[in-house]
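Engineer: I have a structure here, written as structure tokens, and I will follow up with some questions on it.
The values are calculated or read from the model by the stated rules, or taken from the named source; none is laboratory data. As the structure is a computational prediction, the values presented were derived from the model and not from experiment. All Cβ positions, glycine included, derive from the backbone under ideal geometry; neighbour counts span all protein chains shown.
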Amino acid sequence: MVAKGSTQLESEWLVRLKEAYDAGYYKTETDLTRQEHFPWQNKTCRHCPFWANSICRVHAEYRAATSYTCAYFDDSNHEAALDVIRERQMQGYRRWWDWFNSR
């Protein structure tokens, strides 16, 4: 059974979390100067390491510099992005190899 005081404490924490999230922070520190923005906040494709000359190397399509970033922008997903790029390169190589050997 949850005590009334702890329920009130939890709801206050949720209110602070929502206010911080709405303000663009992911840390709900009591000290407002210690709150930090989400890493991807105010970032666009221009900031992504897989974007060059208006082309997203992961999705292999045109992306404007001002487009919102995708999941591959996060550092934790960089390896997955590199795997997608490598696989696409291998598919191109295999198609070329099949064409070359069918002549």
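Engineer: Which of the residues that make up the range 62-84 are part of a helix (DSSP H, G or I) and charged (D, E, K, R)?
Structural biologist: ASP75, GLU79, ASP83
Engineer: Find all pairs meeting these conditions: Cβ atoms under 6 angstrom apart; at least six residues apart or on different chains; first residue within the range 57-82 and farther than 12 Å from HIS47 by Cα and modelled with pLDDT of 95 or more; second residue among the hydroxyl-bearing types (Ser, Thr, Tyr) and in a loop (DSSP other than H, G, I, E, B).
Structural biologist: Close Cβ pairs (under 6 Å, with a partner that is among the hydroxyl-bearing types (Ser, Thr, Tyr) and in a loop (DSSP other than H, G, I, E, B)) amount to TYR62/SER54.
Engineer: Still on this structure, I have one more. If ARG46 satisfies every condition in (1) over 30 Å from GLN91 (Cβ atoms); (2) modelled with pLDDT of 90 or more but one, which is the exception?
Structural biologist: With (1) over 30 Å from GLN91 (Cβ atoms); (2) modelled with pLDDT of 90 or more applied to ARG46, the lone miss is (1).
Engineer: Next question. I'm trying to understand the selection: among the residues of the range 47-69, which are within 30 Å of GLU19 (Cβ to Cβ) and surrounded by fewer than 18 Cβ atoms within 10 Å (Cβ to Cβ)?
Structural biologist: HIS47, THR66, SER67, TYR68
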